[in-house]
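The values are calculated or read from the model by the stated rules, or taken from the named source; none is laboratory data. Note that the structure is predicted; figures quoted are calculated from it, not measured. As a convention, Cβ positions derive from the backbone with ideal geometry for all residues, glycine included, and neighbour counts pool all protein chains shown. Note: areas computed on protein heavy atoms with side chains; ligands, DNA, RNA excluded. Shrake-Rupley method; radii C 1.70, N 1.55, O 1.52, S 1.80 Å.
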Amino acid sequence: MTDRPFIFCHMLTSLDGKIIGNYMSIPEASTAGDVFYALAFGENPHYRHQGWLSGRVTTDDNFTRYRHPALDEHAAPVPEGDFVAVQDAEKYYVSIDPSGRLGWESPDLTYRTTHAHVLEVLTGRASNAYKAFLRKLGISYVIAGEEELDRDLLLAKLKELFGIETLMLGGGGVLNWSFVHAGLCDEISVVIAPAADGASDSPALFETGGRTPDGPRGFTLQSAEVREGGSVWLRYSIDHEKESA
Ligand SMILES: NC(=O)c1ccc[n+]([C@@H]2O[C@H](COP(=O)([O-])OP(=O)(O)OC[C@H]3O[C@@H](n4cnc5c(N)ncnc54)[C@H](OP(=O)(O)O)[C@@H]3O)[C@@H](O)[C@H]2O)c1
């Protein structure tokens, strides 16, 4: 394994593996949601991570609400490279935003009881104006790749620059599959709610998103626990030697 953080993918799903939908509005799903939260963010969590990764759509859905960033197209050129605004945050929200689209308004966010510093992950496609916008807000950023996201470079930077030893891969499905497919996920943790809504068009735990090839992958069950409200917590490990064979 390269020198990168330990990565676990932790997600809440419906009975049919969907990660978003109307099913989330019923009590069965909210109890499962509490189980999901407690395992990775609660007072005595199973997972102790220094940051969690989210795809751009997930961030827009939950935090930036599809706002356009307030850009100054005449901003002075920013220095080359990464921008480390906060090096010792208790938690980082690692936001995959390759072309710099998210309309942040603050360098920190709150998810239930969890406070985190925003760390944007850009590529060479992000504009000078967007980087100047992040600097003005005090949001850290790293550049990982020129055109496409360079995951290995990103993970090395997260460890070296921000001390992230354990990283949660937190969705959505497109981001999750891109890391699992690349052999950059060590464990999968799924809390299944005893709920469904039958919608055909909502994303599942893993999605190619037209970005990553599909293809079969096997996982090794580590544990299966019945939790509150009829939810089930499944943990799988991923055997990287088997993957590369
Ligand atoms: N149930 C749960 O536990 C849970 C957890 C998280 C999210 N969710 C839900 O999941 C839904 C979103 O899932 P999604 O699968 O549609 O989208 P997503 O993974 O959140 O975001 C996809 C976008 O992220 C960027 N991205 C992801 N992987 C990339 C890669 N390898 N290289 C470059 N860019 C990459 C791209 O942004 P650009 O388009 O800007 O290039 C891509 O279009 C939301 O509704 C969210 O609320 C549920």
Given 0.36 nm per residue, what is the gain on full extension from Arg67 to Leu161 after removing their alpha carbon distance, in nm?
-> 31.0 nm
Just the Cα atoms of the chain, one point each, no solvent: what log10 I(q)/I(0) does Debye give at q = 0.16 Å⁻¹?
-> -1.23
Report, to the nearest 10°, how far helix 151-162 tilts away from the longest principal axis of the Cα atoms in the chain, using its own Cα long axis and a range of 0 to 90°.
-> 70 degrees
Mean accessible surface per residue for segment 51-164, computed with a 1.4 Å probe while every protein chain stays in place, in Å² = 49 Å²
With all protein chains modelled, accessible area of Ser237 [1.4 Å, Å²] = 30 Å²
Based on the Cβ-Cβ distance of Asn128 and Phe6, what FRET efficiency does E = 1/(1 + (r/R0)^6) give at R0 = 35 Å, to the nearest 0.05?
-> 0.50
By what distance, in whole Å, do the Cα atoms of segment 192-234 stretch along each of the three principal axes, largest value first?
-> 36, 28, 11
By its C-alpha gyration tensor, with a ≥ b ≥ c as the square roots of the eigenvalues, how is segment 26-89 shaped: rounded for a/c under 1.5, else prolate for a/b larger than b/c, else oblate?
-> oblate
Plugging the Cβ-Cβ distance of Tyr47 and His74 into 1/(1 + (r/R0)^6) at R0 = 45 Å yields, to the nearest 0.05, a FRET efficiency of 0.55
Measure of exposure for Glu148: accessible area at 1.4 Å probe, Å² rounded to 10, is 120 Å²
Electrostatic dipole magnitude of the chain [Cβ: Lys, Arg +1; Asp, Glu -1; Cα centre; debye, to 20] | 260 debye
Long pairs among Lys131/Lys157; Lys91/Lys242; Lys159/Lys242; Lys91/Lys136, criterion Cα-Cα beyond 27 Å | Lys91/Lys242
Rounded if a/c under 1.5, otherwise prolate or oblate - segment 51-164, Cα gyration tensor axes = rounded
